[in-house]
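Worksheet: the structure to be examined is printed underneath.
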Amino acid sequence: MKVLVFGATGGSGKAALEQLLQEGHEVTAFVRSARGLGAVSGKLRVFEGDAMRARDVERAVEGQDAVIVTLGIRENPLRVRVLGPARTPLDIRSTGTRNVIAAMRKHGVRKLVVQTSYGVGDTRDRLRVLDRLFFALLLRPQIADTELQNRDVIASGLDWVIVQPVHLNDAPTREQPFVSTSGEIAKNVVSRGSVGRFLAQAVQSSDFVGKSVALSGPPA
């Protein structure tokens, strides 16, 4: 497959592209700067652009078979809440994904896998009390933008999969995450590597099309 990855410099996005490269797929990383990718094994095409610019997105999407979106803000959440983000617009998830959807429709690309967050959309009512407070106090603007992203994906008419991981860490594990299409979770943390590998799986499979998938750490 020819797969385009947005947010390819983040932990789960980079893990997804590395998994796809290992499996022999043709992968394009959409990044603001190639320097952020670091060392990547395998053959990788790099497309430098801005997901907020529809023209950049459209050029990158043309000729692809599928798209993975892991857009987000990786800055300190307290700083973002108080001062706003330094580099990434607050609406990067919704506007960037909306640009992706429009480009996919134009070029006839059907398969879309989007990483959002556990606690929006179908899993909104399943959050623990502490997570609700965290969302309300620190992440309110980002969660609001993710809700818009979630709705746009569902309404896109594409062959979409929404992936909703719980709290993320960088643990170097090859464990399979706990996967649920009904919102259940096991551990309340999951590694970015595990999420990325699931994104790579979901983009190749028809098993989860039209579903929101909760990802959590495997049970003990």
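The values are calculated or read from the model by the stated rules, or taken from the named source; none is laboratory data. Worth saying up front: this structure is predicted, and the values here are computed from it rather than measured. Here the Cβ is made from the backbone with ideal geometry for all residues, glycine too, and neighbour counts use every protein chain on show.
Things to note:
- Within segment 1-24, the set of residues being assigned to a loop (DSSP other than H, G, I, E, B) and either in contact (Cβ under 8 Å) with a residue 60 or more places away in the chain or closer than 23 Å to residue 94 by Cα (or both) comprises 1, 7, 8, 9, 10, 23.
- A residue that is at pLDDT below 95, surrounded by 19 or more Cβ atoms within 10 Å (Cβ to Cβ) and more than 14 Å from the chain's Cα centre (by Cα) can be found somewhere in segment 70-87.
- Single unsatisfied condition, residue 39 versus (1) more than 13 Å from residue 71 (Cα to Cα); (2) outside any strand (DSSP E or B); (3) modelled with pLDDT of 95 or more: (3)
- When the criteria are applied in full, residue 57 fails the requirement of being under 11 Å from residue 4 (Cα atoms) and assigned to a strand (DSSP E or B).
- Evaluation of residue 171 against the conditions (1) of a type in the set (A, V, I, L, M, F, W, C); (2) in a loop (DSSP other than H, G, I, E, B); (3) under 21 Å from residue 112 (Cα atoms) shows that the sole unmet condition is (3).
- Verdict on residue 151 being in a loop (DSSP other than H, G, I, E, B) and over 23 Å from residue 74 (Cβ atoms): no
- Qualifying residue in segment 52-69 (condition: of a type in the set (D, E, K, R) and under 20 Å from residue 135 (Cα atoms)): no
- Residue in segment 27-39 that is closer than 21 Å to residue 163 by Cα, among the charged types (D, E, K, R) and either out of contact with any Cys (no Cβ under 6 Å at 6 or more places or on another chain) or without any contact (Cβ under 8 Å) to a residue 40 or more places away in the chain (or both) present: no
- Extreme residue, nearest to residue 209 (Cα to Cα), among residues of segment 101-131 that are at pLDDT below 95, surrounded by fewer than 16 Cβ atoms within 10 Å (Cβ to Cβ) and not basic (Lys, Arg): 125
- Residue check, residue 215 touching a strand residue (DSSP E or B) at 6+ places or on another chain (Cβ under 8 Å) and closer than 20 Å to residue 64 by Cβ: no
- Subset of segment 187-209 (residues that are touching a strand residue (DSSP E or B) at 6+ places or on another chain (Cβ under 7 Å), in a loop (DSSP other than H, G, I, E, B) and modelled with pLDDT of 95 or more): 208, 209
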